[in-house]
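Following: one structure in structure tokens, then a few remarks.
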Amino acid sequence: MSILDKVNSPEDVKDLGNAELDGLCEELRDFLVQNVAKTGGHLASNLGVVEITVALHRVFDTSKDRLVFDVGHQSYVHKALTGRKSEFSTLRQFGGLSGFPKPSESIHDAFIAGHASNSISVALGMAQARTLSRGEYSVIALIGDGALTGGLAFEGLSNAGESGEQLIIILNDNGMSIKPNVGGIARYLSRLRMKPSYASFKKGYRRFMEILPGGKYIYNFLHGIKTALKEAILNCSMFEEMGLQYSGPVDGHNVDRIVEALEWAKRQNEPAVIHVLTQKGKGYEFSEKEPDKYHGVRPFDYQKGVASESDRSFSSAFGDELTKIAIHDPRICAITAAMTDGTGLADFALKYPDRFFDVGIAEGHGASMAAGMATRGAVAVFAVYSSFLQRSYDMLLHDIALSNVHVVLAVDRAGLVPGDGETHQGIFDVAYLRSIPDMTILAPSNYAELRDMLRLATDSIIGPVAIRYPRGTEGAYKAGGTQATVRLREGSDFTLVTYGININTAIEAAQILSQEGIEVELIKLGRISPIDIDPIVESVKKTKRLLVLEECVERGSVGEGLVTALAKDFTAYFPKKLILKNTGERFIPCGDVSDLRKLCGIDTESVCASIRDGIRDDMANEMVNEKSKTMNDERSKGIRESRSIRQRNG
């Protein structure tokens, strides 16, 4: 029996002998590689935290102690050690094991994670609640150096230091988020990595003070000397200056050293930072060489490594076109938040390094910086995932829209996103962007439209503009253009309005229904704010029925906006049958997009069924109304006849 076979709970980890730990870590890495190769997922980040996770479960009881992951895509080892090994075949699948911590999944998952930089704030809140309730448990935040570039992390650090709460912060420092980290904090941590002598000095100094008679007095007296030595060795003391005890750097692939550091932090009656150095992708040859490539992977042959993926996607089409536009327009600048490859900007970064800005995991800063650039004549294009852009809402309102500056938001991963689940679905941007005054929102349906709309957005539109497009590839519909509204199909029975990639579902549904004798009038929106409503009104006037199909939550959706406009300004033409097909008012779990579309009822079959039901309901209502009218007519006729008879007999 392998060592991993014996581990089915955290207690089993504690029962292992020290000599078995290296073997367990090796088997965990094999387990991760073989399972993630089948399902896809976040690989390199998990390979890097194997020893940290094993050490955590040697020291703490995560059913009681609270372990808060930052981002959370490094939680696979934790899941495997807390009784979920057998579920890894369902990882990131519909109805299966989440790729992120999820309290509803296990008592060992303390908090939902999926976005960066919040772990310290969340953990501090837990620690403060523990103090108020006089609880007896530890609180640990595990944050990477990439997430530490986010401003929220520093807000948490500052408050944690001031609070004095017993709190353990593990800084997993691998020099990367997805790509190598950027910015001042990355340079600072690089200097710490280069000074392990500081950690040895500090440990020896503390031990000496503990055994020396009058050590506390001498410790206070020599505090200035310690500080001076620290400055001479490190040149910086950020964590301790913020009121946090600091230990490290610690070898992040030595379980014994990490356990020792965790035990030290557990004894502190104040907030402490353990700085752990790890290698992202460790233990798997391919990921060690290219950790960024193995950050998030699709299913692959683990013996051969990840195959090169096709570069044909909405992201690559955006990046290619922006690079071409920049050749002739020196005002064009590109901004990303640690997503150079993901947003298709790798080639732009190589060709125009002086016009490319990676701000790290700091979307709010990226939006404000874009606003500042725009005030001085630059055309700033901020490429960012939909689910991450929502962290910039205040900056979109205050810094961009209020000043009506020309900033272009390239909103990637808009709509349903496979695999990553609730935290990564791009289903809220329609609502929050449409709520912003003077924000133009374009919704290309394919690569050609994306290219055309990007040129329109950078060159012709005044004020803020967002272009939203999905993850992945285009569908069968290939026509380009920048029209706000296009009638793609004439019909007399139902008006179907949609936009973006959903046009392919709408076309397919209209074709199926046409074979059944139901003629759908199909209207595609290229611009979803402001909406060109007149063509829709004209169509509804004819069909009397309206279905709006979209991949976003209902509240704040285009469909809801159309209903409001029709009820307010076009009451006479309000449809007798109205259907809004969207993701509803809920968070959407992980799964393939096809599964999620069925779940939400926005797949082709569901659209056809809704239109059939809508017509059937209308016909039934008409029959009821006709019968009621006939009965009323007969009743009225009878009343008139009775009145006439009474008058004659009167």
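The values are calculated or read from the model by the stated rules, or taken from the named source; none is laboratory data. Keep in mind that this is a model prediction, so the values were computed, not measured. We place every Cβ from the backbone using ideal geometry, glycine too, and count neighbours over all the protein chains shown. Note: accessible area is taken over every heavy atom of the protein model, side chains too, but ligands, DNA and RNA are not part of it. Shrake-Rupley method; radii C 1.70, N 1.55, O 1.52, S 1.80 Å.
Rounded to the nearest whole Å², what accessible area per residue is found for the range 253-379 with the 1.4 Å probe? Walk me through the numbers on the way to the answer.
Details: 5790 Å² over 127 residues.
Value for the range 253-379: 46 Å² per residue.
Under 15 Å between alpha carbons, and skipping anything fewer than 8 positions from K293 in its own chain: which aspartates and glutamates qualify?
Output for K293: E285, D301, E309, D311, D341.
In the range 408-517, what percent of the accessible surface is made up of carbon and sulfur (1.4 Å probe, ligands and nucleic acids excluded)? Before the final figure, lay out each step's value.
Numbers: 1640 of 3510 Å².
Carbon and sulfur: 47 percent of the exposed surface of the range 408-517.
Quick check: from the Cα gyration tensor, does the range 1-125 come out rounded (a/c under 1.5), prolate or oblate?
On the way: a/c = 1.64, a/b = 1.16, b/c = 1.41.
Cα axes put the range 1-125 in the oblate bin.
Quick one: net charge of S106's neighbours, Cβ under 11 Å, K/R +1, D/E -1? Let's see the in-between values first.
On the way: positive: K79, R84, K102; negative: E87, E105, D109.
Local charge sum for S106: 0.
Along the charge dipole of the chain, which of P291, G419, A565 sits closest to the positive end, that is, farthest toward it, with unit charges on the beta carbon of Lys, Arg, Asp and Glu (+1, +1, -1, -1)?
A565
Taking a threshold of 22 Å on the Cα-Cα distance, which of the pairs K85/K289; K6/K85; K14/K79; K79/K280; K544/K568; K14/K289 fall above it? Don't skip to the end; give the middle numbers.
Values: K85/K289 27 Å; K6/K85 11 Å; K14/K79 16 Å; K79/K280 19 Å; K544/K568 17 Å; K14/K289 33 Å.
Cα-Cα > 22 Å for K85/K289; K14/K289; rest within.
Take the alpha-carbon centre of the range 71-128, take the same for the range 474-529, and report the distance between them in whole Å.
If you average the Cα positions of each part, the centres end up 40 Å apart.
Between L488 and H398, what is the label-to-label distance in nm when each label sits 7 Å out along the Cα-to-Cβ direction?
4.1 nm
Using Cα positions and a limit of under 15 Å, work out the aspartates and glutamates in reach of K324, with same-chain residues fewer than 8 apart set aside.
In chain and number order, the partners are D347, D452, D459.
For Cα extents along the principal axes in Å, pick the label among [x] 125, 62, 55; [y] 99, 88, 48; [z] 78, 63, 46 that corresponds to the value derived from the coordinates.
[x]
Sort E241, E508, E51, E474 from largest to smallest accessible area, using a 1.4 Å probe on the heavy atoms of the protein chains. Mind showing how you got there, number by number?
Details: E241 130, E508 90, E51 10, E474 40 Å².
Listed by decreasing accessible area, they come as E241, E508, E474, E51.
What FRET efficiency, computed as 1/(1 + (r/R0)^6) with R0 = 41 Å and r the Cβ-Cβ distance, is obtained for A476 and Q268, rounded to the nearest 0.05? It would help to have the intermediate numbers written out before the result.
Working: r = 61 Å, r/R0 = 1.50.
The calculated FRET efficiency here is 0.10.
Net charge around P418, counting only other residues with Cβ within less than 11 Å of its Cβ (Lys, Arg = +1; Asp, Glu = -1)? Spell out each step's value before the answer.
On the way: positive: R92, R298, R413, R471, R597; negative: D420, D592, D595.
Value of the local net charge: +2.
Quick check on the range 375-475: take the gyration tensor over C-alpha atoms, sort the square-rooted eigenvalues as a ≥ b ≥ c, and tell me if it's rounded (a/c under 1.5), prolate or oblate.
On the way: a/c = 2.20, a/b = 1.28, b/c = 1.72.
It comes out oblate by the Cα gyration axes.
Per-residue ellipticity at 222 nm for the chain, helices alone: DSSP H runs ≥ 4 residues times -39500 (n - 2.57), over residue total, nearest 500 deg cm²/dmol? Mind showing how you got there, number by number?
Values: 25 runs with 288 residues, N = 650.
After summing the helix terms and dividing by the residues of the chain, the value is -13500 deg cm²/dmol.
Shape of the range 268-397 from its Cα gyration tensor (a ≥ b ≥ c, root eigenvalues): rounded if a/c is under 1.5, otherwise prolate when a/b > b/c, or oblate? Please list the in-between numbers first.
Details: a/c = 2.35, a/b = 1.24, b/c = 1.89.
Oblate is the answer for the range 268-397, as a/c is 1.5 or above yet b/c matches or exceeds a/b.
Would you check the accessible area of I503, probe 1.4 Å, heavy atoms only, in square angstrom rounded to 10?
0 Å²
Below 11 angstrom from the Cβ of F286, what's the summed charge of the other residues (Lys, Arg +1; Asp, Glu -1)? Could the numbers behind the result be given before it?
On the way: positive: K289, K293, K304; negative: E285, E288, E290, D301.
Neighbour charge sum, excluding F286 itself: -1.
Between Q128 and R616, what is the label-point separation in nm under the 7 Å Cα-to-beta-carbon projection?
Here the answer is 5.6 nm between the modelled labels.
Taking the Cα centroid of the range 337-387 and of the range 132-165, what is the distance between the two, rounded to the nearest whole Å?
Here the two parts' Cα centres lie 29 Å apart.
Assign unit charges at the C-beta atoms only (+1 for Lys and Arg, -1 for Asp and Glu), then state the dipole size of the chain relative to its Cα centre in Debye, rounded to the nearest 20. Could you put the intermediate results ahead of the total?
On the way: 75 positive and 84 negative charges, 251 e Å.
Charge dipole of the chain: 1200 debye, to the nearest 20.
So who's got an amide H within less than 5 Å of the one on V250, skipping anything under 5 residues away but keeping other chains? H placed 1.01 Å off N, in plane.
Counting only residues 5 or more places away or on other chains, the set is H275, V276, L277.
Could you pull the accessible area for K542 with a 1.4 Å probe, rounded to 10 Å²?
90 Å²
What does the extension gain come out to for K351 and Q303, with contour length at 0.36 nm per residue minus their alpha carbon separation?
Numbers: separation 48, 0.36 × 48 = 17.28 nm, distance 3.46 nm.
The span from K351 to Q303 would gain 13.8 nm if fully extended.
Can you give me the solvent accessible area of C333 with a 1.4 Å probe, rounded to the nearest 10 Å²?
10 Å²
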